[in-house]
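**Q** This is the structure I have questions about; it appears just below.
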Amino acid sequence: MAVLPCQVGFHQHRLRNVNVYASWYVGSMTQRHSARFCPGHWSEIESGLSQFEVDTDSGALSDPTCEGLCLTCLKPVTEGIGQVFLTSYPTKDQRKDYWARIHTGCNLPGLLGSYFPHQ
Ligand SMILES: [Zn+2]
Ligand SMILES: [Zn+2]
């Protein structure tokens, strides 16, 4: 049994939680959140982020055509510009980073929006 429950509904499970850290920059304001998810819920969340995964060495997005698009609505962000950095630790020795722009009026997508609320 994992010591701490998954953030989604605080359900108990027997697997290792994925720790996720989010930083959200809008103008001069920074918001930081952290959460933990069971592998199932995290893979559901991650499926909407994969194009924004950052290659640790080159800093390039896994899908360069997504650069400059909003994390949530996938439209170009030319005004109301915010940025979101996400770091996940899917296993003890693994780290994955994501970076995207986000409209200041858009919430984080799907489950992330529920657990990393925009204040
Ligand atoms: Zn879960
Ligand atoms: Zn948007």
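So that you can scan it fast, the table gives a plain yes or no per residue for (1) of a type in the set (K, R); (2) within 16 Å of ligand 2 (Cβ to nearest atom); (3) at pLDDT 90 or above:
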| site | (1), (2), (3) |
| --- | --- |
| V3 | no, no, no |
| Q7 | no, no, yes |
| F52 | no, yes, yes |
| G59 | no, no, no |
| G68 | no, yes, yes |
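**Q** Looking at the stretch 67-102 only, could you name the residues that are over 15 Å from the mean Cα position of the chain (by Cα) and more than 20 Å from A35 (Cα to Cα)? Before the answer, list the steps.
**A** Taking the stretch 67-102 as the starting set, the residues that turn out to be over 15 Å from the mean Cα position of the chain (by Cα) are 67-68, 75-81, 91-94.
Residues satisfying the conditions are E67, G68, K75, P76, V77, T78, E79, G80, I81.
**Q** If you go through the stretch 36-48 one residue at a time, do you hit one that is of a type in the set (K, R), more than 26 Å from H103 (Cβ to Cβ) and in contact (Cβ under 8 Å) with a residue 40 or more places away in the chain?
**A** Start the filter on the stretch 36-48 by keeping residues that are of a type in the set (K, R), which leaves 36.
Add one more test, that the residue is more than 26 Å from H103 (Cβ to Cβ), and what stays is 36.
Within this subset, residues satisfying the condition of being in contact (Cβ under 8 Å) with a residue 40 or more places away in the chain are none.
Checked against the condition, which is being of a type in the set (K, R), more than 26 Å from H103 (Cβ to Cβ) and in contact (Cβ under 8 Å) with a residue 40 or more places away in the chain, the stretch 36-48 yields no hits at all.
**Q** Please name all residue pairs, on different chains or six or more residues apart, with Cβ atoms under 6 Å, provided the first residue is in the stretch 53-74 and is without any contact (Cβ under 8 Å) to a residue 40 or more places away in the chain and the second residue is more than 16 Å from ligand 2 (Cβ to nearest atom).
**A** As it stands, the answer is S62/E53; E67/L61, since those pairs meet every condition given.
**Q** Identify all residues within the stretch 92-101 that are out of contact with any Pro (no Cβ under 9 Å at 6 or more places or on another chain) and buried (at least 19 other Cβ atoms within 10 Å of the Cβ); write none if there are none.
**A** Y98, A100
**Q** Kindly list the number of the only condition in (1) over 18 Å from N19 (Cα atoms); (2) loosely packed, with under 14 Cβ neighbours inside 10 Å that fails for S114.
**A** Single failed check for S114: (1).
**Q** Just checking, does the stretch 80-95 include any residue being within 16 Å of ligand 2 (Cβ to nearest atom) and out of contact with any strand residue (DSSP E or B) (no Cβ under 7 Å at 6 or more places or on another chain)?
**A** no
**Q** When you look at S28, is it small (G, A, S) and under 13 Å from the mean Cα position of the chain (by Cα), yes or no?
**A** No: the conditions fail for S28.
The values are calculated or read from the model by the stated rules, or taken from the named source; none is laboratory data. Fair warning: this is a prediction, and the values are worked out from it, not measured in the lab. In this analysis, Cβ positions are derived from the backbone assuming ideal geometry, glycine residues included, and neighbour counts consider all displayed protein chains.
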